[in-house]
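Have a look at the structure below before the remarks.
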Amino acid sequence: SLADEPLGSGKSGASSPWVSRTRIGIDGNRWLINDATTYPSAPAEGLLLNVRMVNAVFEDASGQATRMFEGFDPDENTTRFIERIPEYASLGVLAFTISLQGGSVGFEGAINSAYEADGSLRGEYMARVARVIEACDRDGVTVILSCLYQRQHSHPRALRDRQAIFSAVGNAARWIVDRGYQNVILEVSNEYAHGGFNHWNDGAWLRSDAGQVELIEHVKRVAPRLLVSTSGMGTGRFSDALGNAFDFVIIHFNNTSLEEIPTRISEARRFGKPVICNEDDKLDESAAAALRLAVQHGAGWGFMHSVKNQHLPFEFDGSQDDPRVYATLSELSGNANATPPRTAKQSSMGRLVVITSPSDGHLFRSRQPVAIKVSLSGIPANEIGSIAFLANGISIGERRRSPWQLTRRLDSGNYDLEVVVRDPSGVELARSKLVDVEVE
C-alpha cells in the first residue's frame, strides 16, 4: 500500500547518473566529506555549517510572483544562485538547504511544489534541483533536501492524502539514489509539528512523531544508504522513537534566545548523533553570536536571511548578504581569508527581540489564553520606552516595564504575532520575526 508513484513526465535534469565528487557521511556524531572529518583542526571540526536557500529552485504556478515581480523566471533565479555557490563555499559553507516545496516568500498563496497531487515528481522542477545539486557537488558542497513544507496546501498540486505523502517522500529519495548523488541528505518535513500541516489531508498524522517515524522508515526501505531526518520546532526535544529513527538531529533556532541555545543543543545531542541547526533568522551581531554558541556546544549552524535569500525578490550576494555572519563563519571554519568584520559599534541589527513563547505553528483552542513571552538582546533597559504586542498587525497590548510578556484570549483564526520595541520617544529599535499561530 506504500508503493511509490512513478516520476512525472518531463526531463529529470540529465540523461545518465551523475558521478559524485563529493560524498557526505557520518562517523558517530561527526560529519565526513569524502571520508574526512569536516573542517579539520578548526573550531567547527566535525560540524556542518550551512545556509538556508530553499527558494533557489522556486516557482509559482499561481502567477503571483510574476505579477508582483515582473520578469521573474525560475530558471534564471536558479542560475543566479548557482553562480554564487563558489563564493559561499570559499567562506566555509558546506551545505545548503534546498526544498521541494520552498519556504515563506513574503506573501501567501504561492503554488511551489515539485510534486503532482499524487506524489509523482515534476520533471521541470526536479531539473532545477538537479542543477543545484550538481553545481554544489563540483564545489565540494552538500545539499540538505527538504521534502515537505506546511504552506503547500489547498491548491491543485497539494498532496491529496497519506498515500500521496508517502509517494512524494519515497520518490524524492529514490530520485537522489537513481541520479547517483552522494552529496545529498534528506529532511522529510520542515518543522513537522507546525500547525500549518493541519490544513493538509491526513495532517494530524503527518504532525505526529509516529507519522514522521513511518516516513523515515519508508525512506530507508526505498534508499537504504541515504541519510535522513526531519526537523522539529526548535525545542531540541524529540521522542525516543523519533530520535532512534533518524540518522542526524535537525533543530531550529528561530525565536530562540542566545541564552537558550546551549540547552537546546544539549537536549538534541542525547541521541549520540550529529546535531545540525539548519534555520536561524538572526542577523548581524546576534547571528554571529548564535553561530559561535552552536559551534562551541557541538552543533552545526544554518543561516536564514529571510529578506535577502528567502523572500521575493531573491538576492544571492555571497558575503555581502551579511558580512558579519560570513566573517564569523569563515573564521570558525578555519578559512584564513575571512572577510574582515565591520568596526562600527553595535548596529541596529545587533538589537534583537525574540518571541520565545508561543512557538511558530502552535495550535490553541478557542478562547484559550495565549501567553506571549519575549527575550531581548543588545537593548539596554534604559533605552526601552515600550514594547508593543501585535496580532495580524493590530495592537493587542503594550508593556512599558519588565516582565516583557502579555496574555490575551484570541478568537478563532490564524494570527501572525509580532512585537515591536521602541525607545521613550517612540522610535522603533527592533522588531521580532513573525510567529504564526492558530486558534481553533
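Here the extension length gained between ALA210 and ASP247 equals 11.7 nm, from 0.36 nm per residue of separation less the Cα-Cα distance. Over the chain, DSSP H runs of length four or greater, each weighted -39,500 (n - 2.57), average out per residue to a 222 nm ellipticity of -7500 deg cm²/dmol. I need to check one value: relative contact order of segment 191-290, counting alpha carbon pairs closer than 8 Å and at least 6 residues apart, in percent. Computed value for segment 191-290: 23 percent relative contact order.
Taking amide H as placed 1.01 Å from N in the peptide plane, ALA430 has its amide H under 5 Å from the amide H of VAL421, each at least 5 places away in sequence or on another chain.
About its Cα centre, segment 211-300 has a charge dipole of approximately 440 debye under the convention of +1 per Lys or Arg Cβ and -1 per Asp or Glu Cβ, with nothing else charged. With labels modelled as points extended 7 Å from the Cα through the Cβ direction, what inter-label distance (nm, one decimal) is found for HIS297 paired with SER16? For HIS297 paired with SER16, the spin-label model returns 4.9 nm. If you take the Cα centroid of segment 95-126 and the Cα centroid of segment 26-68, the two points sit 17 Å apart. Under the combined filter of DSSP loop state and at most 15 neighbouring Cβ atoms within 10 Å, segment 357-396 retains these trypsin sites (Lys or Arg not before Pro): ARG365, ARG367. Accessible area per residue for segment 235-344 is 34 Å², calculated with a 1.4 Å probe on protein heavy atoms, without ligands, DNA or RNA. For the chain, a simple Cβ point-charge model (Lys and Arg +1, Asp and Glu -1, everything else neutral) yields a dipole of about 780 debye relative to the Cα centre. A cut-off under 12 angstrom between Cβ atoms defines the neighbours of PHE303, and their net charge, with Lys, Arg +1 and Asp, Glu -1, is -2.
Along the axis of the charge dipole computed for segment 178-311 (Cβ charges of +1 for Lys and Arg, -1 for Asp and Glu, origin at the Cα centre), the listed residues LEU283, ASN183, VAL307 are led at the positive end by ASN183. With the cut-off at under 14 Å, measuring from each backbone N in segment 176-206 to a point 7 Å along the Cα-to-Cβ line of ASP161 picks out 201-203. Largest GNM mean-square fluctuation across ALA204, ALA381, ALA127, computed for the chain with C-alpha springs under 10 Å, falls on ALA381.
In the neighborhood of THR66, defined by Cβ-to-Cβ distances under 9 Å, what is the net charge if each Lys or Arg adds +1 and each Asp or Glu adds -1? After counting each charged neighbour, the total is -2. With the simple model of a label 7 Å out from the Cα in the direction of the Cβ, ARG408 to LYS308 spans 3.3 nm. Between ARG351 and any residue 5 or more places off or on another chain, the built amide H atoms are never under 5 Å apart.
The mean sequence separation of alpha-carbon pairs under 8 Å and at least six residues apart, normalised by the residue count of segment 373-426, gives a relative contact order of 45 percent.
Other residues lying with their Cβ under 10 Å from the Cβ of THR37 contribute a combined charge of -2, Lys and Arg counting +1, Asp and Glu -1. Loop-located trypsin sites (Lys or Arg not before Pro) across segment 189-231 with a Cβ neighbour count of 15 or fewer within 10 Å are ARG225, with loop assigned by DSSP. For Rg and Dmax of the Cα atoms in Å, the value computed from the atomic coordinates appears in the list [x] 21.0, 64; [y] 21.2, 69; [z] 20.1, 60 under label [x]. Looking at segment 380-429, the trypsin sites (Lys or Arg not before Pro) that sit in a DSSP loop and have at most 16 other Cβ atoms within 10 Å of their own Cβ are ARG400, ARG401.
Lysine pairs in the chain whose alpha-carbon atoms fall under 19 angstrom of each other, counting only those eight or more residues apart or on distinct chains, come to 7. For GLU45 and THR79, a Förster radius of 35 Å and the Cβ-Cβ distance give a FRET efficiency of 0.55, rounded to the nearest 0.05. For segment 385-412 versus segment 268-312, the inter-centroid distance based on Cα atoms is 28 Å.
Taking the chain as a Gaussian network of alpha-carbon nodes connected by springs under 10 Å, the highest mean-square fluctuation of the residues ILE216, ILE396, ILE251 belongs to ILE396. Among the protein heavy atoms of segment 113-223, carbon and sulfur supply 43% of the accessible surface, probe 1.4 Å, non-protein parts ignored.
The values are calculated or read from the model by the stated rules, or taken from the named source; none is laboratory data. Fair warning: this is a prediction, and the values are worked out from it, not measured in the lab. Neighbour counts run over all protein chains shown; Cβ positions are idealised from the backbone, glycine included. The accessibility values were calculated without ligands, DNA or RNA, using every heavy atom of the protein model including side chains. Shrake-Rupley method; radii C 1.70, N 1.55, O 1.52, S 1.80 Å.
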